[in-house]
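The values are calculated or read from the model by the stated rules, or taken from the named source; none is laboratory data. Nothing here was measured: the structure is a model prediction, and the numbers come from that model. Note: ideal-geometry Cβ built from the backbone for every residue, glycine included; neighbour counts use all protein chains shown. Side chains included, ligands, DNA and RNA excluded: accessible areas come from the protein's heavy atoms. Shrake-Rupley method; radii C 1.70, N 1.55, O 1.52, S 1.80 Å.
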Amino acid sequence: MNLKAVIFDLDGVICFTDKYHYQAWKALADRLGIYFDEVINNRLRGVSRMASLEIILERSETAYSQAEKEAFAEEKNNTYRKLLEQMSPADLTDEVRQTLQELRRRGCRLAIGSSSKNTKFILGQIGLGDFFDAIADGTDITRSKPDPEVFLLAAERLGLAPADCAVVEDARAGIQAAKAGGMTALALFGDAAHCGLEDVNLSSFADILNHI
Ligand code: BG6
Ligand code: MG
């Protein structure tokens with residue numbers, strides 16, 4: 001495809017923080033007496049922290065103020081950060097490490113495009129703090145996926161045109177964002193796979209090597 005760069009989503013692609021997001025949201029939902037399960041959790045993929053909270057509150061009878069919602073989001077994030085402290089370079093799989101190294105060996109530029117405000121903390125935990133050529137994350141943007149803002153910023157920071165970039169995503173919202181930004185969308189796992197908007201369905205992380 002003659003692509004010059006790959007922009008990776010973080011949560012659910014480079015590492016499996018989805019289970020920690022779930023545990024932290026579940027603890028908040030249980031405390032508030034709101035039903036929450038793994039199916040609802042799937043709708044939170046790629047969605048910003050506040051938008052995720054709104055999805056959880058759909059099942060609440062109480063109308064909370066903006067200040068209460070911000071406190072809930074902070075409570076969830078504190079629980080989530082404690083769970084992230086357990087992460088280490090052992091949480092990076094050999095497959096992901098070797099694929100990233102091979103892409104770099106081929107001259108491909110590598111970036112992260114994530115909605116998460118915890119991106120740099122997570123990359124540090126798994127030993128990739130200095131690895132990527134560019135990072136665009138939730139601290140840089142005002143519009144979350146499916147808006148292309150985070151991917152366009154990653155491409156700009158790489159100094160490349162969107163058409164030169166592929167995006168790897170596990171979220172349908174992320175595939176929508178990649179296409180809206182004019183990039184090649186590679187779907188891996190989650191609700192991205194076979195969502196109908198992707199250019200390629202990857203069979204595994206290492207399968208990226210067959211499409212770049
Ligand atoms: C995305 C996750 O990467 O980041 C979402 O898929 C999450 O589930 C979002 O809500 C924001 O994350 P954070 O770490 O800023 O709360
Ligand atoms: Mg994701």
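Does D30 count as more than 14 Å from ligand 1 (Cβ to nearest atom) and open to solvent by 60 Å² or more (accessible area, probe 1.4 Å)? For D30, the condition - more than 14 Å from ligand 1 (Cβ to nearest atom) and open to solvent by 60 Å² or more (accessible area, probe 1.4 Å) - is met. When the range 133-191 is filtered for residues that are within 19 Å of I212 (Cα to Cα), within 13 Å of ligand 2 (Cβ to nearest atom) and in a loop (DSSP other than H, G, I, E, B), the ones remaining, listed by number, are D170, L188, F189. Looking across the range 121-132, just one residue is touching a Pro at 6+ places or on another chain (Cβ under 9 Å), part of a loop (DSSP other than H, G, I, E, B) and either aromatic (F, W, Y) or open to solvent by 30 Å² or more (accessible area, probe 1.4 Å) (or both), and that is G127. Within the range 1-39, the set of residues being β-branched (V, I, T) and either without any contact (Cβ under 8 Å) to a residue 24 or more places away in the chain or in a helix (DSSP H, G or I) (or both) comprises V39 only.
Candidates are the residues of the range 66-91 that are surrounded by fewer than 16 Cβ atoms within 10 Å (Cβ to Cβ), closer than 21 Å to D18 by Cα and basic (K, R); the one that is farthest from ligand 2 (Cβ to nearest atom) is K82. Residue under question is L53, and the condition is that it be surrounded by 11 or more Cβ atoms within 10 Å (Cβ to Cβ), at pLDDT 95 or above and among the aliphatic types (A, V, I, L, M); does it hold? Considered against the rule, which asks whether it is surrounded by 11 or more Cβ atoms within 10 Å (Cβ to Cβ), at pLDDT 95 or above and among the aliphatic types (A, V, I, L, M), L53 comes out as yes. Apart from one condition, A24 fits all of (1) of a type in the set (G, A, S); (2) over 23 Å from G127 (Cβ atoms); (3) surrounded by 15 or more Cβ atoms within 10 Å (Cβ to Cβ); the exception is (2). Taking the condition of a type outside the set (G, A, S) and closer than 22 Å to G190 by Cα, does R59 pass? No: the conditions fail for R59.
Just a yes or no: is a residue in the range 119-136 hydroxyl-bearing (S, T, Y) and closer than 21 Å to T17 by Cα? Yes; the residues of the range 119-136 include at least one that is hydroxyl-bearing (S, T, Y) and closer than 21 Å to T17 by Cα. Considering the range 92-119, the residues that are touching a strand residue (DSSP E or B) at 6+ places or on another chain (Cβ under 8 Å) and open to solvent by 50 Å² or more (accessible area, probe 1.4 Å) include one that is farthest from T142 (Cα to Cα), namely R104.
Collect the residues in the range 193-212 that are in contact (Cβ under 8 Å) with a residue 60 or more places away in the chain, hydrophobic (A, V, I, L, M, F, W, C) and in a loop (DSSP other than H, G, I, E, B), keeping them in residue-number order. Result: F205, I212. Taken over the range 175-212, the residue count meeting the criterion of being under 13 Å from the mean Cα position of the chain (by Cα) and under 18 Å from R106 (Cβ atoms) is 0. Looking across the range 150-174, the residues that are open to solvent by 40 Å² or more (accessible area, probe 1.4 Å) and within 16 Å of the chain's Cα centre (by Cα) come down to L152, R172.
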